[in-house]
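The values are calculated or read from the model by the stated rules, or taken from the named source; none is laboratory data. Model, not experiment: these values are computed from the prediction. Please note: Cβ atoms are built from the backbone with ideal geometry, for glycine as well, and neighbour counts cover all protein chains shown. Quick note on the areas: whole protein, heavy atoms, side chains included, nothing else; ligands and nucleic acids left out. Shrake-Rupley method; radii C 1.70, N 1.55, O 1.52, S 1.80 Å.
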Amino acid sequence: MKKILLFILLAFCELSCSRYSPRLEAALSLAGENRVELEKVLEHYQRDRKKYKAACFLIENMVGRYTLTNQKLDSLDAEFFDAVGNLDIRFEDTEVNVYLVQIKVNEIWNRVLAKYGDPTKYHYGRSDDLRSVTADYLIDNIDEAFATLDYPWTSHLSFEDFCEYVLPYRYGSEPLTEDWRHYFRERYKWIADSLAGNTDPVAVCRLINQDISTWFLPAGGGHIFKNHPRSLSVDQLRKCRLSSCVEQAAVALFAMRSMGLAVAHCTIPHWGNRSAGHDFNAILTKDNEWADFSAAKFNPGENEIANKPPKVFVKKFSRKMMPEDELEIVRRFDFPYAGYQDVTSHLVKTSDVTVRIPDSLKKDVSVVYLCVFNNKRWVPVTYSYSRNGKAKFAEMGRRIVYLPQYYKDGRFFPVSDPIFLEKDGRQHPAVADSVHPVSRMVLTRKYGRFKYQLGYAGEMVGARFQGADNPDFENAVTLFTIDSLPDSKMDTFAVAPVKCRYVRYLYPDIFARGNAGNVAEIAFVGEDGKPLQGKYIGIKEANASNIRTVFDGNTRNYLRVYQSADSTAVFPGNVIVVDSPKPTWVGLDLGGERTVTGVAYCPRNDSNNIYPHCTYELFCWDGGWKSLGQLTGQKDSLVYENVPSGCLYILRNRTEGKEERLFTYENGKQVWW
C-alpha cells in the first residue's frame with residue numbers, strides 16, 4: 001500500500017502536463033497494459049460529460065480494489081454453490097426451513113471441505129481491477145446505472161450520491177463475472193409499472209426487500225462463510241441459501257442499486273456491549289436522510305440495531321486522501337475512515353466525549369484511542385489527536401464504557417479511568433473506591449443475557465408440568481405452570497404434593513408462536529428433595545435419546561422441537577421432529593405411584609452461569625485489571641466480600657469457557673455493560 005501511495009504522489013508531480021487530472025493519471029499509471037482498456041472507456045464518453053465524469057470516478061477509485069484468485073477455491077466454489085443452489089427449499093415456512101437449510105448446507109460444506117481442504121489456508125493471488133477490468137464491462141456498468149435515472153424515485157439524487165451509492169460495480173473482493181444490473185432490472189421491471197410516478201425510493205426498497213425474502217434466507221447460519229476468504233458473487237449469493245449479515249448487505253446492494261436506489265453498506269466494526277460487529281444497509285430517502293434496513297428481514301423504519309454501537313459507518317466507493325502518518329494509524333488498527341462516512345448520529349443517540357490528558361502523559365500522548373471491551377480485551381474503535389491537553393471524540397454511541405488509551409512500543413496504555421457514557425448522555429469515570437467497599441457481592445453469571453437468550457427462556461412460558469395415573473394423561477393434574485420468564489439457571493419450585501405414576505412437561509403452543517420450544521433441563525422432585533427417576537416417555541416422534549437430554553442433569557445441552565414433512569432430512573439427536581402441529585410433551589413413567597413435591601426447570605442458555613465444578617477469578621479495574629481472588633462455585637453463585645466499589649469488574653472462569661463481560665454492581669445486582 002505504501003508503494004502504491006508513493007507511486008500516486010510521484011505521478012502527481014511528474015505528470016502535471018497530462019490531459020487527465022493528476023488523480024486519474026495516477027490510477028491509469030498503475031494499470032499497466034490494461035491502461036488501453038480504461039482509456040477506451042474515457043474515449044467512449046468524450047461527448048457525454050456526466051458519463052465521462054462517472055468513468056473518471058470509477059477509475060480513480062479502483063486503486064486497491066481487486067478479486068482474490070485461487071484455482072482451487074474456484075473449484076470448491078463451483079461444486080459447493082451448484083450443490084446448494086440445487087437444494088429443493090420452500091421459503092414460505094421460514095422458521096422450520098432455516099434449520100433444515102442449515103443442516104443440508106452444512107452437510108454440503110463439510111463434504112466439500114473434506115475434498116478441497118480449508119480455504120483459509122490456501123495461498124492467494126489477486127487480480128487488481130485497474131489491471132483486469134475490461135472496457136466493455138465498465139461501459140455496460142455505467143450505461144446500465146445511468147438508465148436507472150429515468151425512474152421517478154431517483155429524482156432526488158445528487159450526482160455525487162449517484163456515483164457513491166448507485167454506480168459502483170463491486171462491493172468486496174468478489175469475482176466480476178456477471179451482468180448483475182441487467183439481471184435484476186429484468187427481475188424488477190414490474191416495479192416501474194406498478195409504481196409509475198412514485199418518487200419515494202423507500203417504497204421501491206420495500207418491494208424489492210419483500211422479493212428478496214422469497215429466495216434468500218437472512219442470517220440463517222451463514223457463519224460458514226467466515227471461512228470463505230473471498231466475497232460472494234451475485235450468482236453465489238443467489239444460490240447460497242444461508243447468509244451472515246455481510247451477505248445480506250451484499251444482496252441488497254446488488255438488487256437495489258440495479259433499480260437506481262442509493263443503498264449503502266453500513267458497518268459496525270465493534271459492538272460496545274459485546275464482541276464482534278454487524279453489517280446492514282441504509283437507503284438515502286428523498287429527504288436525503290439515511291433509513292437503515294436489513295435485507296430480506298427488516299424494511300426501512302423497522303430495522304433494529306439490537307446492541308450498542310460505538311460507531312456506525314457507511315461504506316463509500318471513493319477514498320479520501322490522508323496524510324501518511326494518519327494513514328498509518330488507519331491501517332494499523334483497521335479503522336474504516338479512508339473510504340467510509342461516519343453516520344452514527346443518524347442512526348443512534350450520541351454524545352461527544354472529551355478526554356483530558358494528565359500532565360505526566362502530555363509528552364508521550366499525541367494520539368488518543370477510544371476503546372471498548374470485546375469480551376477479552378480493550379479494542380480501539382476511533383482515535384483523536386491531542387490538542388491543548390485534550391482529545392475530543394465526536395458522536396459516540398451511548399450506554400457504553402470507553403477506555404481512553406495511547407499506543408507506544410507496540411502496546412496500549414490507559415490515559416485515564418474508563419468513562420461511562422450513560423443512556424441519557426451523562427458521563428462519569430469508573431473509579432475504584434476501597435474506602436467504601438461493597439461488603440458482600442453475590443455473582444450469578446459472568447456474561448449478560450442478550451435478547452436471543454431471553455427469547456429461548458420465553459419459549460418455556462405457558463408450559464405445564466402435569467401428573468396422571470395413566471400413560472394417556474386423561475384427567476391429568478397440572479402441578480405447575482410457567483407464567484413468567486425463567487432465569488438462565490435451574491430453578492426449583494415447591495408444589496402441593498400429588499401422588500402419580502406418570503409425569504410430563506407439556507409444551508406451550510410453540511407452533512403458533514413459531515419457535516422451537518428450547519428446553520435445557522426439567523425435573524420432578526420427590527419427597528426426599530431429589531429428582532425422580534423413571535422410564536422416558538413422550539409423543540410417538542420422541543425417543544429415549546432425545547428425551548434423556550432434558551433429564552440428564554446437564555443444563556448445557558438442550559432439546560428442540562421442529563415441524564418438518566421432509567423425510568430426507570437428518571436431524572441431530574437433540575431434536576424432536578413432527579410433521580404437523582400437535583400437543584407436544586416429554587415425561588417419565590415412574591414405575592409406580594410416587595409423590596411429587598416440586599418441579600425444576602432451566603431454558604436453553606449460554607453456559608455462562610456459575611457452576612460448582614468451576615473455579616472463578618474476579619477482577620476490578622484500578623489503573624488496570626487487578627485480581628480480587630479466586631473462588632469455586634457454590635451451587636449457582638459466588639460471594640465476594642469487601643470489594644472496591646464504583647468501578648468495573650469482570651469475572652473469569654479459570655476452568656472452562658471463553659465469554660466474559662464488563663459489569664458494575666448496583667443495588668445488590670450485576671449490571672452489564
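Descriptive notes on the structure:
- Rounded if a/c under 1.5, otherwise prolate or oblate - region 425-528, Cα gyration tensor axes: oblate
- Cross-link partners for Lys626 among the lysines, with Cα-Cα distance under 17 Å and sequence neighbours closer than 8 places in the same chain left out: Lys376, Lys446.
- Packing here is the average count of other Cβ atoms within 10 Å per residue, and on that basis the peptides 506-512, 288-294, 662-668, highest first, run 288-294, 506-512, 662-668.
- 23 Å tail of the calculated P(r), region 542-648, as % of Cα pairs: 55 percent
- Its residues counted as N, the chain yields a C-alpha radius of gyration over 2.2 N^0.38 Å of 1.12.
- Lys50 contributes an accessible area of around 110 Å² to the protein surface, as traced by a 1.4 Å probe with all chains present.
- Straight Cα distances below 22 angstrom link Lys392 to the lysines Lys308, Lys311, Lys320, Lys349, Lys362, Lys363, Lys408, Lys423, with same-chain residues fewer than 8 positions distant left out.
- Fraction of accessible area attributable to carbon and sulfur, region 484-629 (%, probe 1.4 Å): 49 percent
- FRET efficiency for the pair Trp215 and Val442, taken as 1/(1 + (r/R0)^6) with r the Cβ-Cβ distance and R0 = 60 Å, rounds to 0.75.
- Per-residue SASA remark: Phe317, around 10 Å² accessible (1.4 Å probe; ligands, DNA and RNA not included).
- Sulfur and carbon atoms: percent of accessible area, region 114-259 [1.4 Å]: 49 percent
- Heavy-atom accessible surface of region 328-461: percent carbon and sulfur, 1.4 Å: 48 percent
- Label-to-label distance for Tyr122 and Asn642 is 6.2 nm, based on points extended 7 Å past Cα in the beta-carbon direction.
- For Arg170, net neighbour charge (Lys/Arg +1, Asp/Glu -1) across residues whose Cβ lies under 10 Å away: -1
- Sites listed here are trypsin sites (Lys or Arg not before Pro) in region 325-428 whose DSSP assignment is loop and whose Cβ has at most 15 other Cβ atoms within 10 Å: Lys349, Lys362, Lys363, Lys376, Arg377, Lys423, Arg426.
- The chain - mean residue ellipticity at 222 nm from DSSP helices (-39,500 (n - 2.57) per run, n ≥ 4, rounded to 500): -7500 deg cm²/dmol
- Solvent-free Debye scattering, log10 I(q)/I(0), computed from the Cα coordinates of region 116-249 at q = 0.09, 0.11, 0.20 Å⁻¹: -0.34, -0.50, -1.38
- Solvent-free Debye calculation, one equal scatterer per alpha-carbon of region 231-377: log10 I(q)/I(0) at 0.21, 0.22 Å⁻¹ equals -1.47, -1.53.
- The separation of region 123-137 from region 415-479, counted between C-alpha centres, amounts to 52 Å.
- Quotient of Cα Rg and 2.2 N^0.38 Å for region 225-297, N being how many residues it contains: 1.17
- Surface per residue (accessible, 1.4 Å probe) for the chain, Å²: 45 Å²
- Extension gain, Ala544-Val431: 0.36 nm per intervening residue step, less the Cα-Cα distance, totals 35.3 nm.
- Taking 0.36 nm per residue of separation and subtracting the Cα-Cα distance, full extension of the segment from Phe298 to Thr615 would add 109.9 nm.
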